Amino acid sequence: MPPPADTPRCILIVEDHPLVAKFYSLALERAGGFTCVVTEDVTEMLAYVEAGRVDLAILDVSLSGTEWEGHTIDGVELAHLLREHAPSRLPILLATAHAMAGDRERLMAASGADDYMEKPIYDAAHLVEKVRNLLRRNS
Amino acid sequence: MESFIEEMKRYLGFTEEDAAVLRSLGPRLVKYFPEMSERFYSQIPFHPNAFRVFTGSEAQIQRLKHTLQLWAAGLFRGIYDEGYAQERFQIGYRHVRIGLEQKYMISAMGIVRAYLNECLVQEFPATDERMEMSRVLGKILDLDLNLMCESYMHATVQNLRSLNEQMERANRELAGASHTKDEFLAHISHELRTPLNSVLGFSKLILDGLCASPEEERQLLKDVFASAQHLLGLVNDILDIGRIEAGKMVLHVEHVGLRDVLDSTLPLIAIQAAEKRITVVDETADLPLPAVHADEVRLRQVLLNVLTNAVKFTNEGTVRLRASYPDEAIASSDMLHMPCIRLEIEDTGIGIPPEKREVVFQKFVQADPSHSRRLGGTGLGLAISRRLIEMMGGSIGLESGKYGRGTLVWMTVPLAVRQQEEVIQA
């Protein structure tokens with residue numbers, strides 16, 4: 001059951017650079033009225049996702065500090081893992097500094113993400129619009 | 001498989017009888033050989049390109065005229081076997097080597113043929129006999145010319161093949177270099193975008209009026225500033241790596257007082273160390289340090305990089321700086337007998353696992369990238385440091401700290417015993 005309209009939607013942010021994560025959460029909270037969860041801990045992510053508390057996930061691709069079952073996991077693998085654990089279809093936005101020719105197609109195909117943004121991502125309104133579109137498409 | 005000479009003999013219809021005819025002809029023609037070589041050399045050196053080949057004096061031409069007479073003697077020896085073929089091949093190879101082109105050889109041989117036919121007219125007044133002799137002479141001259149031309153072709157094919165190999169090798173190297181360059185570019189692009197995200201993102205948040213308070217604005221501005229500083233570090237490191245890899249890093253190596261270098265470097269990390277309550281101990285403080293053979297600016301860069309790492313990756317304890325003179329025995333094995341001083345910077349920080357101790361000297365590799373993301377750093381510092389130290393004739397490496405924790409970075413720097421000044425290019 002979708003949450004009532006006045007409940008703020010919750011965005012999971014997985015990003016290994018703390019300042020970038022800080023920007024996402026500030027931008028989404030201030031310009032979009034979202035609530036944000038920032039974590040690099042997979043167990044914590046899965047708990048949020050399984051509880052149905054996450055409406056959309058923004059994933060970085062290169063994750064240096066995120067491990068799962070003994071190996072470093074990247075955003076592509078994480079996208080599949082989160083989807084497997086989500087009670088309903090989870091929209092995923094890849095946000096990455098990989099911006100060479102072909103990266104977008106390759107990473108979108110590998111992850112099954114709904115959308116893709118290249119860093120630098122610095123316009124709060126633009127980020128909020130992307131997230132809202134994805135939420136709308138998914139509802 | 002039929003050899004080239006056998007194939008040609010069959011094609012020309014060259015028989016044992018022909019060989020016998022030539023053998024009997026030799027003694028009658030030998031007196032014409034000097035004049036033959038005169039005519040040959042009146043022709044061949046005056047071709048525009050062939051002329052360049054005959055750079056020697058008149059003595060060289062005299063020697064060559066003699067060689068041509070030996071060649072003619074061979075022509076009438078009556079033995080036309082593989083040995084004969086080899087001898088003729090060698091003439092072609094030699095011509096290719098000195099750059100005498102086949103077309104000049106062919107036209108000069110035409111003169112030889114015409115002259116020998118004139119000789120036959122002198123020697124054999126009877127037309128029938130002369131016709132027979134001329135026919136046989138024609139066969140052997142054809143055979144000979146074909147052998148020489150074949151060797152020209154072989155030599156040319158060989159040259160082409162080796163050129164081809166060179167080109168293939170160059171192509172492979174270029175492809176490899178281009179791939180490395182693409183990877184490097186992708187990496188740089190990735191590394192630059194992350195701090196740019198903070199610079200642009202936070203300043204835009206402030207400009208959009210999305211901050212909750214002036215205090216928050218100020219905090220975000222601090223983040224912008226730190227990210228911009230990180231960007232500057234990246235740009236400088238990228239320029240250094242670019243210079244090193246393009247072979248354009250130039251070191252000005254001279255006699256440098258190590259004391260001065262240390263005294264001007266250590267204060268640069270004092271503030272960071274004090275903020276983290278880390279003690280920096282300079283165990284060399286009371287030692288008379290020697291002059292080293294180094295580029296002062298670059299040596300300071302390396303020391304600062306290593307010391308900054310030590311402070312960055314240490315949360316409590318000390319960073320120690322030591323100096324010693326390595327054993328000659330150890331020193332001579334990898335330092336080309338150059339007397340060196342060994343500097344050690346040891347910390348009590350998080351340490352580096354043994355399997356990571358070499359890879360951290362590679363570009364963009366960090367022992368644990370998550371630490372560096374939080375603590376800054378470009379992943380290029382140690383790669384640059386190693387190249388700089390090696391260019392100065394020293395070496396640099398990592399060990400475990402003496403008490404089983406932390407990291408010990410050692411480096412050797414050649415002592416100032418060699419020539420005064422030197423410019424070294426990567």
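Report the residue count in the range A:14-66 for those that are touching a helix residue (DSSP H, G or I) at 6+ places or on another chain (Cβ under 9 Å), part of a helix (DSSP H, G or I) and within 11 Å of chain B (Cβ to nearest Cβ).
Count: 12.
In the range B:125-145, which residues are surrounded by fewer than 18 Cβ atoms within 10 Å (Cβ to Cβ), under 29 Å from B:Glu87 (Cα atoms) and aliphatic (A, V, I, L, M)?
B:Met131, B:Leu141
For the range B:213-220, state whether one or more residues are facing chain A (nearest Cβ under 9 Å), free of Cβ contacts under 8 Å to residues at least 12 places away in the same chain and over 47 Å from the mean Cα position of the chain (by Cα).
Checked the range B:213-220: at least one residue is facing chain A (nearest Cβ under 9 Å), free of Cβ contacts under 8 Å to residues at least 12 places away in the same chain and over 47 Å from the mean Cα position of the chain (by Cα).
Of everything in the range B:304-318, what is small (Gly, Ala, Ser) and not in a loop (DSSP other than H, G, I, E, B)? Give them in sequence order.
B:Ala310
Which one of A:Ala31, A:Ala99, A:Ala47 is out of contact with any Gly (no Cβ under 6 Å at 6 or more places or on another chain), surrounded by fewer than 17 Cβ atoms within 10 Å (Cβ to Cβ), at pLDDT 95 or above and of a type in the set (A, V, I, L, M)?
A:Ala47
Would you point out the residue of the range B:169-191, among those that are within 10 Å of another protein chain (Cβ to nearest Cβ) and of a type in the set (A, V, I, L, M), that is surrounded by the fewest Cβ atoms within 10 Å (Cβ to Cβ)?
The qualifying residue surrounded by the fewest Cβ atoms within 10 Å (Cβ to Cβ) is B:Leu185.
Filter the range A:100-125 down to residues that are under 14 Å from B:Leu200 (Cβ atoms) and facing chain B (nearest Cβ under 10 Å), then give me how many there are.
8
Looking only at helices (runs of 4 or more DSSP H) that fall completely inside the range B:6-125, which ones have 2 or more residues that are more than 26 Å from B:Val157 (Cβ to Cβ)?
B:16-29, B:33-43, B:58-75, B:102-123
The values are calculated or read from the model by the stated rules, or taken from the named source; none is laboratory data. Owing to the predicted nature of the structure, the values given are computational and were not obtained by experimental measurement. Cβ atoms come from the backbone with ideal geometry, glycine included; neighbour counts cover every protein chain shown.
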